[in-house]
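A.B. asks: Just dropping this structure here.
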Amino acid sequence: MVNKITSLAEYFQKYNESVANPEGFWANIAESHYWHKKWDKVLDWNFEGEGAPDVKWFVNGKLNITENIFERNMFMRKDQVAIIWEPNDPKEPEVRLTYGELFEKVKQFANALKKLGIEKGDRVAIYLPMVPELAIAMLACARIGAIHSIVFAGFSASALADRIIDAEAKLLITSDGGFRGAKSIHLKNIADEALESCPSVKNTIVLHRTNEDHVHWVEGRDIWWHDAIKGVSTENKAEVMDAEDMLFILYTSGSTGKPKGVVHTTAGYMLYAEYTFKNVFQYSDGDTYWCTADIGWVTGHSYIVYGPLLSGATSIMFEGVPTWPDAGRFWDIVDKYKVNQFYTAPTAIRALVAQGDQWVKSHDLSSLKVLGTVGEPINEEAWRWYHDLVGKGRCPIVDTWWQTETGGIMITPLAGITPTKPSLATLPLPGIQPILVDPEGNELKGNGVEGILCIKFPWPGMLRTTYGDHQRCYTTYFAAYKGLYLTGDGAKRDEEGYYRIIGRIDDVINVSGHRIGTAEVEDAINQHHKVVESAVVGYPHEIKGSGIYAYVICEDLSDKEQATIEDEIRATVTKFIGPIAKPDKIQIVSGLPKTRSGKIMRRILRKIGEGDATNLGDTSTLLDPGVVEDIISGAKVEV
Ligand code: WTA
């Protein structure tokens with residue numbers, strides 16, 4: 001078993017050890033895992049040069065991640081609950097799956113996948129709501145060496161198709177529909193629309209969830225989940241994988257172009273998910289842990305499924321939303337299951353702050369030991385509310401900074417060990433070597449500095465490539481500063497050496513903790529036939545952290561068109577990406593601030609979106625400085 005750090009002194013000792021001898025440090029942790037064959041070498045790496053990035057952990061090691069979840073834990077935990085599933089509707093009964101039961105289901109579904117011809121290395125797209133079958137499907141893929149690519153069930157048909165096409169998935173696993181609060185979403189219809197442009201998909205497995213009356217069916221392609229497993233054996237031997245075989249692809253947004261498929265591999269990801277889960281949350285045997293994320297995002301991958309299950313934890317999976325049937329839902333669930341560790345996003349906290357304290361005060365919450373946040377910077381007010389009201393001042397808050405690309409948590413307090421400060425992610429985990437640089441790439445040494453956050457040494461959970469386009473991985477993350485992984489975030493190191501994450505320094509917006517690329521939203525807006533050009537920026541939003549502000553140039557609009565254009569633009573974005581990317585504010589403008597070379601000066605648009613026109617910087621290089629005045633006078637915020 002992976003040991004936990006238990007004191008601050010031990011943290012510093014481990015940290016120093018991990019920097020002095022990273023290979024020894026990680027090899028020692030890997031010793032506690034189940035391997036078919038151990039590695040020949042702990043690490044081979046290069047962030048620069050031919051083929052870079054080239055990162056290999058546990059070279060030539062052979063294993064299967066599901067054997068490390070099941071076979072390794074089975075002796076002790078066969079009858080222990082692995083997953084508690086809380087349905088959207090509190091009147092529906094919950095589901096508890098023990099390690100033994102989950103194992104049977106995973107093996108059976110793995111065999112069902114094999115029967116459909118899915119083999120090691122094949123890509124399987126999964127588009128499911130938050131139901132236990134989502135975890136079963138992903139683990140079954142891992143069991144047979146198929147690469148899962150989970151697509152958040154809030155994405156549109158077009159966004160789903162893009163991801164399926166890029167990964168050339170052979171199979172899609174979906175459901176008739178999904179429940180979210182008072183709504184139900186007809187996922188199968190969306191999937192059918194997506195599949196019109198996805199020739200690689202040979203079969204669809206469809207789970208019964210919402211019992212939709214009329215489920216459109218393609219004979220020969222579509223199979224009900226319950227039919228796919230009917231009479232299928234639960235005997236299954238795990239596929240033996242290389243340490244560096246792909247485990248999954250997860251698409252994420254960047255500054256430019258379409259979302260990229262971040263690739264994680266087997267051994268390194270496994271180690272990192274388990275090590276970080278245990279240490280950050282200080283999970284102890286018998287605890288009940290709940291992460292409110294959706295498995296469609298990386299947080300759900302690493303901290304609902306892989307990290308907790310590798311650690312033999314009891315992990316709650318919640319199908320619904322924080323405010324339905326009322327704003328006390330989170331706290332109902334905490335009390336119902338006596339949750340010990342609770343992990344959520346600042347946007348959810350802010351949304352609940354706005355609903356009033358009574359929803360929290362009417363609950364016991366005495367089971368809570370640790371509170372966590374992830375996804376965006378947490379403002380001090382939300383931190384204090386979380387700490388004082390939810391945690392009653394006795395639960396440490398772990399403000400965990402990390403990314404889809406990092407596979408697991410990177411900078412964070414260790415619960416109850418690292419002294420915390422509101423809004424600071426504090427210190428790097430052992431094995432993580434952050435560095436702050438100025439825009440020219442010079443290291444900012446010492447404390448009390450602010451710069452661009454990079455990482456200078458590989459860690460096991462890091463991405464290995466972007467699917468189908470290795471060069472893009474290099475260009476996005478390693479080209480800016482030689483020898484460093486570029487996170488895309490700005491950060492401050494305070495006088496004590498604690499990190500405060502300031503936020504993205506590129507054209508990525510963090511909307512309610514979801515990463516959205518401005519270029520993607522612009523591309524979607526530009527699909528509207530009346531739109532000539534658009535520019536999208538983030539602006540401060542009380543609940544979402546950042547909202548989306550779109551400045552749009554349209555062809556001549558009639559009065560009638562003017563009345564509906566904003567709604568139509570929002571509908572277009574919903575169609576091409578999904579409701580999460582809908583602009584909050586749309587301003588129709590006659591021109592955009594462009595330099596003589598045609599580049600949009602987003603800095604100016606961001607400032608206006610923030611409501612601050614006092615300090616727009618040098619506008620003399622603009623082709624037409626007059627547009628700035630026009631934009632300010634029509635701005636959708638008070639400037
Ligand atoms: C932001 C989510 C401040 C950051 C796990 C990062 C945070 C992006 C924090 C990654 C935090 C995540 N404090 N900012 N504790 N955690 N971020 O890929 O901008 O969806 O680059 O991964 O979220 O988002 P992603």
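Readers should treat all values here as calculations from the given coordinates under stated rules, not as data from a laboratory. All figures in this text were calculated on a predicted structure; none of them were measured in a lab. Heads up, the Cβs are rebuilt from the backbone with ideal geometry, glycines too, and the neighbour counts pull from every protein chain shown.
A.B. asks: Choose one of Met138, Asn73, Asn203: the residue whose Cα lies farthest towards the positive end of the charge dipole of the chain (beta-carbon charges +1 Lys, Arg; -1 Asp, Glu; about the Cα centre).
C.D. replies: It is Asn73.
A.B. asks: Out of the chymotrypsin sites (Phe, Trp or Tyr not before Pro) in the range 428-492, which ones are loop residues according to DSSP with at most 13 other C-beta atoms within 10 Å?
C.D. replies: none
A.B. asks: Taking other Cβ within 10 Å of each residue's Cβ, how do Asp213, Asp40 sort, fewest first?
C.D. replies: By the 10 Å Cβ count, ascending: Asp213, Asp40.
A.B. asks: Pop out the ³J(HN,Hα) list for the range 493-499 in order, Karplus 6.51 cos²θ - 1.76 cosθ + 1.60 with θ = phi - 60°, rounded to Hz; leave Gly and Pro as x.
C.D. replies: My calculation for the range 493-499 gives 9, 7, 4, 8, x, 7, 9 Hz in order.
A.B. asks: A follow-up question, please. In nm, what is the difference between 0.36 nm times the number of residues separating Trp217 and Ser367 and their Cα-Cα distance?
C.D. replies: 49.3 nm
A.B. asks: Then there's this: Using θ = phi - 60° and the Karplus curve 6.51 cos²θ - 1.76 cosθ + 1.60, what whole-Hz ³J(HN,Hα) does each residue of the range 421-435 get, with Gly and Pro shown as x?
C.D. replies: 9, x, 6, 10, 7, 6, 10, x, 5, x, x, 10, 10, x, 8
A.B. asks: Rounding to the nearest 20 debye, state how big the charge dipole of the range 512-634 is about its Cα centre with +1 on each Lys and Arg Cβ and -1 on each Asp and Glu Cβ.
C.D. replies: Dipole size: approximately 480 debye.
A.B. asks: Which FRET efficiency value, to the nearest 0.05, is calculated for Asp584 and Asn46 with the Förster distance at 51 angstrom and r the Cβ-Cβ distance?
C.D. replies: Calculated value: 0.75.
A.B. asks: Here is a further query. Take Phe12, Phe155, Phe457 and order them by how many other Cβ atoms sit within 10 Å, fewest up front.
C.D. replies: Going from least to most buried by this count: Phe12, Phe457, Phe155.
A.B. asks: Which of rounded, prolate, oblate describes the range 414-466, given a ≥ b ≥ c as roots of the alpha-carbon gyration tensor eigenvalues and a/c under 1.5 marking rounded, otherwise prolate only if a/b is larger than b/c?
C.D. replies: oblate
A.B. asks: Moving to a separate point now. Give me the distance in nm between label points sitting 7 Å out from Cα along the Cα-to-Cβ direction at Lys560 and Phe75, one decimal.
C.D. replies: For the pair Lys560/Phe75, the computed spacing is 7.6 nm.
A.B. asks: If you don't mind, there's one more thing I want to ask. Among Ile411, Ile565, which comes first, then next, by fewest other beta-carbon atoms within 10 Å?
C.D. replies: Ranked by crowding around the Cβ, least crowded first: Ile565, Ile411.
A.B. asks: Still on this structure: Taking 0.36 nm per residue of sequence separation and subtracting the Cα-Cα distance, how much length would be gained by fully extending the chain between Ala613 and Gln13, in nm to one decimal?
C.D. replies: Gain on extension, Ala613 to Gln13, equals 211.1 nm.
A.B. asks: Using the Karplus equation 6.51 cos²θ - 1.76 cosθ + 1.60 (θ = phi - 60°), what ³J(HN,Hα) coupling, rounded to whole Hz, does each residue of the range 331-347 give in order, writing x for Gly and Pro?
C.D. replies: 6, 4, 5, 4, 5, 4, 9, 6, 5, 9, 10, 10, 10, 9, 10, x, 5
A.B. asks: The range 149-205: which GluC sites (Glu not before Pro) are DSSP loop and have at most 12 other beta-carbon atoms within 10 angstrom?
C.D. replies: Those that pass, being in a loop and sparsely packed, are Glu196.
A.B. asks: Nearest 20 debye, what's the magnitude of the dipole of the range 142-250 about its Cα centre given +1 on Lys and Arg Cβ and -1 on Asp and Glu Cβ?
C.D. replies: 320 debye
A.B. asks: Quick one: grab the alpha carbon gyration tensor of the range 512-634, order the square roots of its eigenvalues as a ≥ b ≥ c, and give me rounded if a/c is under 1.5, else prolate or oblate depending on whether a/b is larger than b/c.
C.D. replies: oblate
A.B. asks: Which lysines, if any, have their Cα less than 28 Å from the Cα of Lys202, not counting same-chain residues under 8 positions apart?
C.D. replies: Lys105, Lys107, Lys114, Lys115, Lys120, Lys170, Lys188, Lys230, Lys237, Lys258, Lys260, Lys575
A.B. asks: Then there is this: Would you mind calculating the relative contact order of the range 336-393 from Cα pairs under 8 angstrom and at least 6 residues apart, reporting the percent as a whole number?
C.D. replies: Reported relative contact order: 49 percent.
A.B. asks: Search the structure for amide H atoms under 5 Å from the amide H of Thr98, placed 1.01 Å from N in the peptide plane, and list their residues when 5 or more places away or on another chain.
C.D. replies: Placed amide hydrogens put Ala82 under 5 Å from Thr98.
A.B. asks: Of the GluC sites (Glu not before Pro) in the range 577-639, which ones lie in a loop per DSSP and count no more than 14 other C-beta atoms within 10 Å?
C.D. replies: Glu638
A.B. asks: Whose amide H sits under 5 Å from the amide H of Gly320, counting only residues 5 or more places off or on another chain, with H placed in the peptide plane?
C.D. replies: Asn88
A.B. asks: While we're here: Which cross-chain or sequence-distant (5 or more) residues have an amide H under 5 Å from the amide H of Gly547, H modelled 1.01 Å from N in plane?
C.D. replies: Correct list: Tyr539, His541.
A.B. asks: Set the Förster distance to 22 Å, then compute FRET efficiency between Glu542 and Lys338 from the Cβ-Cβ distance, nearest 0.05.
C.D. replies: 0.10
A.B. asks: Less than 11 Å Cβ to Cβ from Ser362, Lys/Arg counted +1 and Asp/Glu -1: what total charge do the surrounding residues give?
C.D. replies: Surrounding charge for Ser362 is -4.
A.B. asks: Compute the Cα gyration tensor for the chain, then decide on rounded, prolate or oblate, letting a ≥ b ≥ c be the square roots of its eigenvalues: rounded whenever a/c is under 1.5, prolate when a/b is larger than b/c in the other cases, and oblate in all that remain.
C.D. replies: It is rounded, given that a/c, with a ≥ b ≥ c, falls under 1.5.
A.B. asks: How high is the relative contact order of the chain, in percent, with contacts defined as C-alpha pairs under 8 Å that are six or more residues apart?
C.D. replies: 12 percent
A.B. asks: Putting +1 on Lys and Arg Cβ atoms and -1 on Asp and Glu Cβ atoms, find which of Gly391, Tyr251, Leu352 reaches farthest to the positive end of the dipole of the chain.
C.D. replies: It is Gly391.
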